[in-house]
1. Have a look at A:Leu142, A:Leu132, A:Leu88 and point out the one that is within 12 Å of the chain's Cα centre (by Cα) and either over 13 Å from A:Leu41 (Cβ atoms) or not polar (S, T, N, Q) (or both).
2. Within the range B:334-351, can one find any residue that is more than 14 Å from every other protein chain (Cβ to nearest Cβ), closer than 30 Å to B:Leu41 by Cα and among the hydrophobic types (A, V, I, L, M, F, W, C)?
3. Filter the range B:219-263 down to the residues that are under 30 Å from B:Phe348 (Cα atoms) and without any contact (Cβ under 8 Å) to a residue 60 or more places away in the chain and list them by number.
4. Among the candidates A:Pro19, A:Pro39, A:Pro25, single out the residue that is surrounded by 13 or more Cβ atoms within 10 Å (Cβ to Cβ) and within 14 Å of chain B (Cβ to nearest Cβ).
5. Mind checking which pairs have a first residue in the range B:18-35 that is more than 14 Å from B:Met100 (Cα to Cα) and a second that is of a type in the set (Val, Ile, Thr), Cβ under 8 Å, 6 or more apart or different chains?
6. Considering only residues that are within 45 Å of the chain's Cα centre (by Cα), exposed (fewer than 10 other Cβ atoms within 10 Å of the Cβ) and of a type in the set (S, T, N, Q), which ones fall in the range B:361-386?
7. For A:Asp46, all conditions in the list (1) within 14 Å of another protein chain (Cβ to nearest Cβ); (2) exposed (fewer than 10 other Cβ atoms within 10 Å of the Cβ) hold save one; what is the number of the exception?
8. Somewhere in the range A:92-114, is a residue surrounded by 14 or more Cβ atoms within 10 Å (Cβ to Cβ), out of contact with any Asp or Glu (no Cβ under 9 Å at 6 or more places or on another chain) and free of Cβ contacts under 8 Å to residues at least 24 places away in the same chain?
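The values are calculated or read from the model by the stated rules, or taken from the named source; none is laboratory data. Values in this document were obtained by computation on a predicted structure and should not be read as measured data. So basically every Cβ, Gly included, is an ideal-geometry build from the backbone, and we count neighbours across all protein chains shown.
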Amino acid sequence: MIGVLKALSVTAGTFFRKPVTIQYPTEHRQVPDRDRAFPILLWDFDVDESFCTGCHACERACPVECMTVTMKDNPKHAEGTSKRRKILDEFFIDYGRCMRCNICVEVCNFDAIAMNNTWVGHELSTVDRKDLVMDREQLLALSKQQQIRPWVPS
Amino acid sequence: MWGIFGVNMNVWLDAFLRLQLIVLTMTVTVMALIYIERKFLGKIQQRLGPMRTGPFGTLQSVADALKLVSKEDLRPATADRWLFELAPFLTFVPTFMILMTIPFMQDWGVRNLTLGLFYIIAVSGVSVIGYIMAGWASDNKYALLGAARSAAQLISYEIPLVLAVLAVAMVAGTLNIESIILQQDVIPNIILQPLPFFILITALLAELSRRPFDIPIGESELVGGPWVEYSGMRWSIIFALTEYAGLWGMSALTAMVFLGGWQFPFGTASFWGDFDFLYQLLLIFVKSFALILMVMWISATFPRLRIDQLMAFCWKVLLPFGFVQIMINGIVLNYVSDSEVLRNILLFATSSALLVAMCYVVYRATRQPSREERLRRLVMARSTAE
């Protein structure tokens, strides 16, 4: 009988507590720094080009083969402004295929690829699967706008 | 003679207008209750409840009603056609008939029956047939199981309900709800008869198949009981109208029989002023709403009972104590008729003593041995086995 009263007081107690749910599409919870959405490319603001040299390390390591990378000679290296001899030409990632395993980030020799840790990386629904294949500019956009929060101390 | 709000008119027209008023109020109340219950449950479970339709989700019930009305009314191919289609109405009509004798204000109900309580008890027993009809006609094993369970439960709990109401009727000396309310201007019946109030609340939960007693519905085991195969309009009649109108009607009835209905509590009517009909409406609203919230609170708290626990609680606890209460009431009312104060004190004392005794019986029945005791018994059992 005492347990009955205890149970009633517990539910009455939770009634006056703040709800834990939030109104998701209009309110967002803070994403953790090491949140692992889809991979994106990083932009080197010192020499104004991408960190990525198109070395195919991530493409070869990718378990689901969602990446396509091509490489070209770096025009800035010929001018002498950049130390990178080669630079990426085209870079495609099929977000519909990517399984967000983080392997590409781990194998990258130049820290040129990172996992998207913003809400943008989670709200990508489209009506066409083709729209999930990201090209170079789309992959670099977030980094160019400096919206990626670095969690590795650089 | 007859007439709504003092306007003279034909008897039939008057009855029709009153019925229309009840139907309108019932629909609005049901929609409000669904919204309130969803919000209340949400708060208790640390959720928000409906938030998207309208400001703070207030239009959710309207949206639900629109969706249910426009949904296709499916009927299984093997179902018994007429039974299947008539069953929802057979559960709804008794609930609606209860509302017709409830006096919501002084001298204002659809009809004031001299045997009002008797009528309500008689009519509310009919809804079992609707459950069984729905369960049988659906041609579905879950529906049939649910129907069997609801028949067992509703019929069993009808008896404590009757006993509780009868105890109050003995004290009041009448079965007319209006006179019962009028007698409670100083002392509401809950003080004179706490045990029947407790029995009535328990039986009411069971009659409405609400959570601690929802084995006929049992979503997790019977996927909705007798109503598995229903959809659309028919389902909304069952679910929304029957369940919530029943909750409203029974809460209003309990408020009238035990809490003094539209009377101010403890004889403070002269302090508050004239017996205005607005005061009466407000009082009956507050009292029945408090009861409804209590029912929702209880059903949000307790898990479903097993069927044997349910039956044992009814037949071994509520029923004997109800009979004992009626016996004591009879003795008190018969032998202590000259002094009303002494009579009231005796009624209060015996009934609360019985309530304490009942709590003790339940406590003894549900008590678990302590951990040490259980270990000791285990060790003893093992040593004797060897």
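1. Details: A:Leu132 fails: within 12 Å of the chain's Cα centre (by Cα); A:Leu88 fails: within 12 Å of the chain's Cα centre (by Cα).
Only one candidate qualifies: A:Leu142.
2. Of the residues in the range B:334-351, the ones more than 14 Å from every other protein chain (Cβ to nearest Cβ) are B:334-351.
Retained after the next criterion (residues that are closer than 30 Å to B:Leu41 by Cα): none.
The answer is no; no qualifying residue exists.
3. Going residue by residue through the range B:219-263, those that are under 30 Å from B:Phe348 (Cα atoms) are B:246-263.
Result: B:Ser251, B:Thr254, B:Ala255.
4. On the way: A:Pro39 fails: within 14 Å of chain B (Cβ to nearest Cβ); A:Pro25 fails: surrounded by 13 or more Cβ atoms within 10 Å (Cβ to Cβ).
Result: A:Pro19 is the single residue among A:Pro19, A:Pro39, A:Pro25 that is surrounded by 13 or more Cβ atoms within 10 Å (Cβ to Cβ) and within 14 Å of chain B (Cβ to nearest Cβ).
5. Once the first residue is more than 14 Å from B:Met100 (Cα to Cα) and sits in the range B:18-35, its partners that are of a type in the set (Val, Ile, Thr) give B:Met31/B:Val62; B:Leu33/B:Ile292; B:Tyr35/B:Thr58.
6. Residues of the range B:361-386 within 45 Å of the chain's Cα centre (by Cα): B:361-378.
Those still in the list that are exposed (fewer than 10 other Cβ atoms within 10 Å of the Cβ) too: B:364, B:367-368, B:370-372.
Listed by number, the residues that qualify are B:Gln368, B:Ser370.
7. (1)
8. No; the residues of the range A:92-114 include none that is surrounded by 14 or more Cβ atoms within 10 Å (Cβ to Cβ), out of contact with any Asp or Glu (no Cβ under 9 Å at 6 or more places or on another chain) and free of Cβ contacts under 8 Å to residues at least 24 places away in the same chain.
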